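The values are calculated or read from the model by the stated rules, or taken from the named source; none is laboratory data. In this text, all values refer to a predicted model and were calculated from it rather than measured experimentally. Note that each Cβ is placed from the backbone with ideal geometry, even for glycine, and that neighbours are counted across all protein chains shown.
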Amino acid sequence: MLTVESFYENARSGKLVGLVCPSGHATVPPKNTCLACGSSMLEVKQLSGRGKILSFTEVFVKSKEYPVDTPYVLALVRLNEGGKLLGVLEQKPSTKEIDGLEVRVEFRQVLPDEKWPRIFFRLE
Ligand SMILES: [Zn+2]
């Protein structure tokens, strides 16, 4: 069983794990059922950590809860195995045309004392 805690424990060692149903849909971070088809027959699998940007926006407001230097780019990424993740894109894409832009997931500790790493994306 992949719990949110074990998801982040893997993330700490740089591994992206997700849940994959018999139809091959990936659900990340973990949920009780497949987000695509509702199956509860989920298997824990390590994912490639690669995906494509679906959308992004620029954030100008700094927050204590999310103390990343502003402005930063928040991106929604579809993973190659399926499933979507929201995270900080380390650089703003040079063009508004994002079709086909590939990224790789990286986990980073933002605050020294925080429990879990945050999700970042690096342009490939
Ligand atoms: Zn499914």
Filtering region 20-38 down to residues that are within 9 Å of the ligand (Cβ to nearest atom), closer than 17 Å to VAL77 by Cα and hydrophobic (A, V, I, L, M, F, W, C) yields ALA26, LEU35, ALA36
Among what's in region 76-119 and is within 15 Å of LEU16 (Cβ to Cβ) and of a type in the set (Gly, Ala, Ser), pick the residue that is modelled with the highest pLDDT. GLY87
Only one of (1) aromatic (Phe, Trp, Tyr); (2) surrounded by fewer than 17 Cβ atoms within 10 Å (Cβ to Cβ); (3) closer than 24 Å to THR3 by Cβ fails for PHE120. Which number is that? (2)
Go through region 6-28 and give me each residue that's without any contact (Cβ under 8 Å) to a residue 40 or more places away in the chain and of a type outside the set (D, E, K, R). SER6, PHE7, ASN10, SER13, VAL17, LEU19, CYS21, PRO22, SER23
Check region 77-92 and report whether any residue there is of a type in the set (Asp, Glu), free of Cβ contacts under 8 Å to residues at least 40 places away in the same chain and exposed (fewer than 12 other Cβ atoms within 10 Å of the Cβ). no
